[in-house]
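A short write-up of the structure that comes next.
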Amino acid sequence: MNIFRLIIFALPLIIVLNNAPKAFSETSIYKSWDAIHDKLSKSIDLIREKGDVPDSTWVPWQSDKKSIDKEITEMVDEALVLLGKTEFSEIKNRINYLERNIAEFYKKIATLKTKLLGAPKDVAAWKVWKKDAEDYEKAIIDYKSKIERNKKEIDRLKSQLVKEFKKIGVNVNREQVDTLVSSITSDDDIQLISVFNNIKILTVKLKDLTVESSENPENAKRYYGMHTILLRILLRLHERYVLRIKDEYLPKLDEIISKNIELGKKTKSLMDQASEKHKPVYRANFKAQKVTHKTALLYEEYLNENRERIMEAHAKLVPEYEAALNTYNTVTTAHDLIALMKTANNMFDNLSELQTPKLLVFENKEMKKEFNKITLKMKQ
C-alpha cells in the first residue's frame with residue numbers, strides 16, 4: 001500500500017477518534033493513534049503475506065509462515081504497549097513512582113538513625129563537612145515529611161482510580177482499590193483493563209467505518225482486518241497474564257508459604273521448650289506467623305481466581321478470533337463484514353465482567369497489612 005493510499009485509509013478513523021469521548025481521546029488512544037495504526041496496518045499486511053509463503057523453508061532470507069507469525073506477534077506486542085496507555089495506567093505509574101520514593105526515604109531514614117547514634121552534639125562552625133546530631137535529626141524530619149506528602153498524594157490518586165472505574169461502568173469502593181494497588185498483579189490488571197477498554201472503543205469506531213465503506217470492499221476489509229488484529233492483541237494479553245501468575249507469582253507465593261510453615265514449626269517447638277519469661281515472645285511470633293499463613297492462602301486463592309477468570313475470557317475469545325481471521329481471509333463483500341462487525345459489541349459486553357479482577361475485602365487491618373508485606377516479598 002503506497003503512502004497516499006495509507007493516508008486516505010487512515011484519515012476517516014482519525015476523524016472518528018477526534019470526535020470520540022473525552023474519557024479516552026485526549027488522554028490515551030488519541031495521542032497514540034498514529035503509532036497504533038502503523039502496527040495494525042503492518043500486521044494486516046503480514047497476514048496477507050502469510051497466505052503466500054510456504055509453511056517452512058530452509059532458505060535463510062526467505063520468509064515462511066512461522067517467521068511471518070513471529071513478526072505479527074512482535075507487532076502485536078508493540079501495539080499492546082500503546083493500547084495500555086490510559087488514565088488508569090498513568091495514575092498507577094504515578095503511584096508506583098511515589099511508593100518507590102517512600103521505600104527509598106525509609107532506607108535513608110534508617111541510615112541517618114544509625115549515623116545519629118555516633119554523631120557529636122556540636123561541631124565547630126569551620127568544620128562544614130562534618131554533621132552533628134541536629135543535622136541528622138533535621139534530615140530525618142525532612143524525609144518523614146516527604147513520606148507523608150507522598151502518602152497523601154497516593155491517597156488522592158487511589159480516590160481518582162475509583163472515579164476512573166466508574167467512568168467505565170465498574171463500581172468499586174476505596175478498600176477494593178487499595179487491594180488492587182497493593183496486589184502483585186496490579187500492573188497486569190491495570191494493563192488488562194486499559195487495553196480491553198481501548199480495544200472495545202476502537203472496535204465500535206471500526207464497525208462504523210466498515211459500514212461507511214460499504215461501497216469500497218477493500219477499505220471495509222482492511223477495517224475488519226484491524227478488528228481481527230485487536231482480538232489477537234487481547235488474546236496475547238490474556239496469555240501473558242495467565243503465564244505470569246502461573247510461572248512467576250504463584251511459585252514465589254508457594255515459597256513464602258513453605259518458609260512460613262517451617263518457621264511456624266520451629267517457633268512452636270521453641271515455645272514449648274521456652275521458659276515462662278520467653279514464652280510470651282514466642283507466642284506473639286507464632287500468632288503473627290498464623291496471620292501470615294492465613295493471608296498467604298487467601299492471596300493464593302485470589303491469584304488462582306483471577307487466573308481462572310482470564311482463562312475463561314481467553315477460552316471465549318479464541319473461537320471469535322479464529323472466526324474473524326477465517327472471515328478476513330475468505331469474505332470479499334463489505335456487506336458480510338458489516339454483519340459480522342455488528343455482533344462484536346455483544347461479544348465485548350459478554351467479556352467485560354471477566355476483564356475486571358475480583359477484589360478482596362479483608363477481615364481486619366492486620367490481614368490487609370500482611371497482604372502488602374507479602375506483595376513486597378514477592379517483588380524482591
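Summary of values
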{"read-out": "Low-density loop cleavage sites - chymotrypsin sites (Phe, Trp or Tyr not before Pro) in region 98-207, where at most 16 other Cβ are within 10 Å (DSSP)", "value": "Trp126, Trp129"}
{"read-out": "Rounded tilt (10° steps) of 133-167 against the dominant C-alpha axis of the chain", "value": "30"}
{"read-out": "On Cα atoms only, tilt of 250-273 relative to the major axis of the chain in degrees", "value": "20"}
{"read-out": "Loop-resident sites, region 318-380, for GluC sites (Glu not before Pro), counting at most 16 other Cβ within 10 Å (DSSP)", "value": "Glu363"}
{"read-out": "Between helix 365-379 and the chain: long-axis angle, C-alpha atoms, 0 to 90°, nearest 10", "value": "70"}
{"read-out": "Per-pair calculated FRET efficiency, R0 = 30 Å: Glu99 and Asp34 via Cβ, rounded to 0.05", "value": "0.40"}
{"read-out": "Euclidean distance of C-alpha centroids, region 304-374 and region 239-295, integer Å", "value": "35"}
{"read-out": "FRET efficiency, Asn350 to Asp77 (Cβ-Cβ, R0 22 Å, nearest 0.05)", "value": "0.30"}
{"read-out": "Relative exposure of Thr330, Thr73, Thr267, Thr228, judged by other C-beta atoms within 10 Å (fewest first)", "value": "Thr330, Thr73, Thr267, Thr228"}
{"read-out": "Charge dipole (debye, nearest 20) of region 180-308; +1 at Cβ of Lys and Arg, -1 at Cβ of Asp and Glu", "value": "660"}
{"read-out": "Region 224-351 shape via C-alpha gyration tensor axes, a/c threshold 1.5", "value": "prolate"}
{"read-out": "Separation of the Gln380 and Phe286 label points, Cα + 7 Å toward Cβ, nm", "value": "2.5"}
{"read-out": "Calculated FRET value between Asn171 and Lys144, using beta carbons and R₀ = 35 Å, to 0.05", "value": "0.45"}
{"read-out": "Relative contact order of the chain, pairs being alpha-carbon contacts under 8 Å that are 6 or more residues apart, as %", "value": "19"}
{"read-out": "Ellipticity estimate at 222 nm from DSSP helix runs (n ≥ 4, -39,500 (n - 2.57)) divided over the chain, nearest 500", "value": "-27500 deg cm²/dmol"}
{"read-out": "Residue-span extension gain [Glu239 to Ser214] - 0.36 nm each, minus C-alpha spacing", "value": "5.5 nm"}
{"read-out": "Whole-number D in µm²/s for region 294-364 (Stokes-Einstein; Kirkwood sum over Cα pairs; 10 °C, 1.306 mPa s)", "value": "108"}
{"read-out": "Sorted by Cβ neighbour density within 10 Å, fewest at the top, the residues Lys131, Lys369", "value": "Lys369, Lys131"}
{"read-out": "Radius, Kirkwood style, for the chain when every pair of distinct Cα atoms is counted (Å)", "value": "24.6"}
{"read-out": "Euclidean distance between Cα centres, region 195-228 to region 54-84, Å", "value": "23"}
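No lab work stands behind these numbers, since they all come straight from the coordinates. Since the structure is predicted, the reported quantities are computational estimates derived from the model, not experimental observations. Heads up, the Cβs are rebuilt from the backbone with ideal geometry, glycines too, and the neighbour counts pull from every protein chain shown.
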